[in-house]
1. List the GluC sites (Glu not before Pro) within the stretch 191-253 that DSSP assigns to loop and that have no more than 14 neighbouring Cβ atoms inside 10 Å.
2. If you count, for each residue, the other Cβ atoms within 10 Å and average over each peptide, how do 235-245, 294-304 line up from highest to lowest?
3. Shape of the stretch 228-277 from its Cα gyration tensor (a ≥ b ≥ c, root eigenvalues): rounded if a/c is under 1.5, otherwise prolate when a/b > b/c, or oblate?
4. Of the listed values [x] 151, 51, 47; [y] 103, 55, 41; [z] 81, 58, 42, identify the label whose number matches Cα extents along the principal axes in Å calculated from this model.
5. Within the stretch 344-417, list the GluC sites (Glu not before Pro) lying in a DSSP loop whose Cβ has at most 11 other Cβ atoms in a 10 Å radius.
6. Got the relative contact order for the stretch 135-234 handy, in percent, Cα pairs under 8 Å and 6 or more residues apart?
7. By average Cβ neighbour count within 10 Å, what is the ranking of 86-95, 146-155 from highest down?
8. Going 7 Å from the Cα of ASP354 in the Cα-to-Cβ direction, what parts of the stretch 376-399 have a backbone nitrogen less than 17 Å from that spot?
Amino acid sequence: MGFPKGRRRLVLAVAVLLAAVVAGAVVWRVLAPAEVSTPARGAYPAAPTPTPGVVARLPVAPLIVDGRLRVYAGNRQVYADRPVHNRYRATPYWSYRRWPATLEGVVSTGTTVVSRWSDGRLVGLDARTGRVSWSVDGPEPVGDPTVRRTRAATVWEPRGLFVTEPAGGPPVVVSGGRGRMVAVDPAGGRELWRTDVDAGCRDTLGTTSTGRLVTVDGCAGPAVVEFTDAATGTVGARWRPPGAADELMVTLLGCRSGRSGCAGLRTAGPEDGTGQGWLLGDAAPVAAPSLDAAGAELAGEVAVAVTDGALVGRAARTGAELWRRGGLGEARVIAVQPGRVHVLTPANDLLTVDPATGTQRSWFVLNIGSDGTGWAAGKVHAAYGFVAVERLRRPVDPEGEDRLYFYNSEPVILAAT
């Protein structure tokens, strides 16, 4: 015995309506804006003191945070593993995911990890627990970045996201993007200042070790380097190197991480064969000829460079030679960090010396397992005594697909120095 014809139609209509409601709920749950925070379940690790040498190979680039964690970037996720010297990438210690925004950049200061997203949102995470400490609106990023599978650019050189830790003052995180720039206090996410900017003719390069933003302004005539107080947003000195061309290329030197906390810079024009090195402080840049060479780096108050097969350390302010280590061939300085200068030899040995004295801290071949050393170095990150290097396939094809661009499936090698 069935339903009457009219009632069958009513039951069918109700069933279709219920199915539509259920389907809509599923679609909403899948596609609606959301965030998922998975906090840490174990204890915060102690800072290790590993023996110098290669400690890990990884498929993605780690940001070393507080000397204890490795923080990684995914398309829509930032996550961490531990310990920092674990040989392989481990199950996430904590993770934070957003939808549908994509992750654009990550920086850290102390035990705070700050992530920037494609909708401009800035999210502060406590590195010790993975919990969200704060979340604020910021400017949307401009342009489409080239993102390789290691995501090294996202965690080592994030575009438009900087941190500075001036002596005697609290850290500041600055985010620049579509039409404006915002600075926040990473301790609590409090907005410190915001300003409108013309992104078409201004390029904010990074921050100095004394708490200033460095911007190249070409909006009205020849390019000028502009310095802004990162804590207040107040524009200070506007400076041009003597005799500079209308166009100006600026390279930051001696940076704490990525393009943040930098102590020097090198300027050059489009046709210049060599540049001019400068030291940064609270006043106008001071000439430092020992930083003129393209391969020179700045480690504290010491300029270091490989010249005629010798690694030479010079007093950055006077140019006086402090120490020299010969017999290195076509080696090059690939990174600096407090108390360490890292040099890669033609055989892909990693030499680390004390910048003040040139004393060797460690020297070992940058190899693990049966990988070999037939690779070229890509992006590099150095912090807390560790060095991470992207390994690229030779000959390097900047336009090649990832499978041809990277040396193998785990192209990032991590070493303790």
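Throughout, read-outs are computed from the coordinates displayed, never taken from laboratory work. Note that the structure is predicted; figures quoted are calculated from it, not measured. Cβ atoms come from the backbone with ideal geometry, glycine included; neighbour counts cover every protein chain shown.
1. Answer by residue number: GLU247.
2. 294-304, 235-245
3. Judged from the Cα gyration tensor, the stretch 228-277 comes out oblate (a/c at least 1.5, b/c at or above a/b).
4. Structure-derived value, by its label: [y].
5. Those that pass, being in a loop and sparsely packed, are GLU399, GLU401.
6. In percent, rounded to a whole number, it is 21.
7. 146-155, 86-95
8. Inside the label zone: 385.
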